[in-house]
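The values are calculated or read from the model by the stated rules, or taken from the named source; none is laboratory data. A quick note: this is a predicted structure, and the numbers were derived from the prediction, not measured. Here the Cβ positions follow ideal geometry from the backbone for every residue, glycine too, while neighbour counts run over all protein chains shown.
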Amino acid sequence: MERLGTVDLAQEGSRKIYMLKAGESTAGWLMLSNLSDGVEVGISLAEDWLGRGLGTEAIRLIKPHAVELGKVVYAQIRDDNVASQRIFLKNGFERTDSYVVKDYPVAGEVKFRRYEYR
């Protein structure tokens with residue numbers, strides 16, 4: 001992983017973005033956001049890198065940085081995104097009954113389920 005920029009994640013509202021690299025290839029990105037309700041973790045992988053364990057390893061490596069802030073660590077994942085669910089479940093996150101609905105200009109309303117790591 002390669003961190004992009006130097007932001008102090010301890011400040012609420014701050015965000016760190018990491019580029020995921022495999023050799024010289026950019027395989028995706030990983031983001032930590034320090035929000036009022038916890039630390040949100042987001043990940044996106046390039047299609048060529050799906051199913052190779054890179055996402056699971058990236059979350060495993062970033063978890064300690066999120067946990068050190070002393071807040072609930074969580075991810076918001078669509079119910080149809082089974083690959084992301086697997087990545088987070090393998091890393092000790094638990095599925096909750098909590099949802100958030102986001103409105104996107106093209107897609108409209110999209111529901112995201114919350115997964116938490118404590």
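List of remarks:
- Residue that is exposed (fewer than 13 other Cβ atoms within 10 Å of the Cβ) and among the aromatic types (Phe, Trp, Tyr), where the choices are 115, 18, 99, 74: 99
- A Cβ distance below 8 Å, combined with a sequence gap of six or more or placement on separate chains, defines the contacts here; from the range 50-71, residues that are over 12 Å from residue 84 (Cα atoms) reach no residue that is part of a helix (DSSP H, G or I) and of a type in the set (D, E, K, R).
- For the range 50-67, taking the residues that are of a type in the set (D, E, K, R) and modelled with pLDDT of 90 or more, the one that is farthest from residue 35 (Cα to Cα) is identified as 57.
- Subset tally (residues that are in a helix (DSSP H, G or I) and surrounded by 14 or more Cβ atoms within 10 Å (Cβ to Cβ)) for the range 41-59: 7
- Test: residue in the range 89-107 that is part of a strand (DSSP E or B), more than 16 Å from the chain's Cα centre (by Cα) and in contact (Cβ under 8 Å) with a residue 24 or more places away in the chain: no
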